[in-house]
Amino acid sequence: MENKSSNFISSLEATSILVGTIIGAGIFGIPYVVVKAGFWTGLLVMIIIAIAMVIIKLLVSEIVLSTKDNHQLTGYAEKYLGIKGKYIMFFTIIFSFYGALLSYIIGGGQVLAALFNGNQFIFSLLFFAVAALLIYLGLTIIKKFEFLMTLFILIIIIVIILTTFKSLNFSNLTGFNWHNLFIPYGVIFFALGGSSALPQLRRVLINKEHLIKRSIIMGIAIPFLVYLIFTIIVIGINGFNTTEVATIGLGKALGPAMIIFANLFAFFCIGTSFLTLGLALKETYIYDIKLKHSLAWFLTCLIPLTLFLLGLNSFVKVLGWAGALGGGIEGLLILAIFLKLKSLKRTERVPEYKIPLHWPIIIFIGLIFIGGIIYTLLNFL
């Protein structure tokens, strides 16, 4: 009985880490791209990507469990793909980080402008200035309260659901078009990311690694359901008036109280996501590239600010680029690492479970990633 209770607590902790890593600012861009594609088109894409992300995360966890030492994705790429694999993975992750930070600058400004009825550009700069200062100071308290933050976000979403359900117009939940499949792809892919948390699950579940598979499945299922319900609420209320940052339009539709409540929720998510990701990127420069603190902070903050000042100011477009390009290349590298692992006669340690090598599934997931990359590049050009 004690063992079952201990396993449950450990599994819950591991699941909360993955859920906390996945659920973030990406949730606010999903309703906009889903309504653009058509609700049923977007729902199909959400299901396909959720399944693909479960498979990818299971592959990563087998890689982690088959390797003796602890690494991050860059370290596993170097170990199994060589130095070229390491640098491709490193720059892919850096690209995704910068894309996310840029989108948070944009989204933070939009939310503050909605709250205080001011200039979005000015508020984005103010948001960036405060967040950049906190990153410089190394505010790590957010990392220590991952579970509480995740719980707080889930509670707020439940409150929004309960208070808005009567206002839903289910006739807004329509539309399907095969040609629009890749419209919501990048944003949803970004929102369901979080593979970087998987090495941490192994450390949390030390001597209980057999629980990782269950934690991964639950860690994807919970964000998927949260995103789906939130998307239904927003589109059911706003329809084609859904805004890029979903809570802005939701507040306009439901009155002053919801403007404050929903946008404070958005600001909390976007702000904590910016700080968590910014700190992680700064630490990557310090520990992996061996840069000094000030230079690491400067590189972390300067690039997204410069891109914003150059005119990249669409929240969902930037999320889409980060998800489709960064996430797609990362996914292809993970597939390559997994195939290399499967080609070995013996691994460093025996993993607690093995994912069978099914070529049709590998090829299908690879084609999804490649298709998203090509679509995004063609639209950018």
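The values are calculated or read from the model by the stated rules, or taken from the named source; none is laboratory data. Nothing here was measured: the structure is a model prediction, and the numbers come from that model. Using ideal geometry, Cβ is built from the backbone for each residue, glycine included, and neighbour counts are taken over all protein chains shown.
Residues of segment 135-161 that are modelled with pLDDT of 75 or more and part of a loop (DSSP other than H, G, I, E, B): G138 alone. Test N263 against the criterion of being farther than 29 Å from G75 by Cβ, modelled with pLDDT of 90 or more, in contact with a helix residue (DSSP H, G or I) (Cβ under 8 Å, 6 or more places away or on another chain) and not β-branched (V, I, T), and give yes or no. The answer is no for N263.
When the residues of segment 214-226 are filtered to those that are among the β-branched types (V, I, T), within 14 Å of A52 (Cα to Cα) and more than 13 Å from the chain's Cα centre (by Cα), which remaining residue is surrounded by the most Cβ atoms within 10 Å (Cβ to Cβ)? Filtering segment 214-226 for residues that are among the β-branched types (V, I, T), within 14 Å of A52 (Cα to Cα) and more than 13 Å from the chain's Cα centre (by Cα), the one surrounded by the most Cβ atoms within 10 Å (Cβ to Cβ) comes out as I216. Going through segment 173-213 one residue at a time, which ones are hydrophobic (A, V, I, L, M, F, W, C), at pLDDT 85 or above, touching a Lys or Arg at 6+ places or on another chain (Cβ under 9 Å) and more than 15 Å from V318 (Cα to Cα)? Scanning segment 173-213 gives a single hit, I212. The residue that is surrounded by the most Cβ atoms within 10 Å (Cβ to Cβ), among those in segment 85-110 that are farther than 16 Å from L275 by Cα and of a type in the set (F, W, Y), is F90. Against the conditions (1) touching a helix residue (DSSP H, G or I) at 6+ places or on another chain (Cβ under 7 Å); (2) of a type in the set (D, E, K, R); (3) surrounded by 18 or more Cβ atoms within 10 Å (Cβ to Cβ), E13 satisfies every one except (3). One residue alone among G311, G249, G239 is touching a Phe, Trp or Tyr at 6+ places or on another chain (Cβ under 9 Å) and at pLDDT 85 or above, and that residue is G249. In a residue-by-residue description of segment 108-115, the property of being free of Cβ contacts under 8 Å to residues at least 24 places away in the same chain and not aliphatic (A, V, I, L, M) applies to at least one position.
Filtered by the rule that a residue be closer than 23 Å to S215 by Cα and part of a loop (DSSP other than H, G, I, E, B), segment 330-361 gives R349, V350, P351, E352, Y353, K354, I355, P356, L357, H358.
In segment 297-329, which residue that is assigned to a helix (DSSP H, G or I) and touching a Leu at 6+ places or on another chain (Cβ under 7 Å) is surrounded by the fewest Cβ atoms within 10 Å (Cβ to Cβ)? Among those that are assigned to a helix (DSSP H, G or I) and touching a Leu at 6+ places or on another chain (Cβ under 7 Å), it is L307.
Among the criteria (1) surrounded by fewer than 21 Cβ atoms within 10 Å (Cβ to Cβ); (2) touching an Asp or Glu at 6+ places or on another chain (Cβ under 6 Å); (3) part of a helix (DSSP H, G or I), the one G20 does not fulfil is (1).
So that you can scan it fast, the table gives a plain yes or no per residue for (1) surrounded by fewer than 20 Cβ atoms within 10 Å (Cβ to Cβ); (2) outside any helix (DSSP H, G or I); (3) among the acidic types (D, E); (4) on the phi > 0 side of the Ramachandran plot:
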| position | (1), (2), (3), (4) |
| --- | --- |
| L112 | no, no, no, no |
| A129 | yes, no, no, no |
| T163 | yes, no, no, no |
| I183 | no, yes, no, no |
| G186 | no, no, no, no |
| A197 | no, no, no, no |
| L201 | no, no, no, no |
| L228 | yes, no, no, no |
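Is it true that some residue in segment 84-106 is within 30 Å of N169 (Cβ to Cβ) and part of a helix (DSSP H, G or I)? Yes, because at least one residue in segment 84-106 is within 30 Å of N169 (Cβ to Cβ) and part of a helix (DSSP H, G or I).
The number of residues in segment 230-269 that are of a type in the set (D, E, K, R) and not in a helix (DSSP H, G or I) comes to 1.
Among residues of segment 219-245 that are under 18 Å from V111 (Cα atoms), those with a beta-carbon under 6 Å from a residue that is part of a helix (DSSP H, G or I) and hydroxyl-bearing (S, T, Y) at least six positions away or on a different chain give the pairs T242/Y32; E244/Y32. Note on segment 316-337: residues that are modelled with pLDDT of 95 or more and aromatic (F, W, Y) amount to 0.
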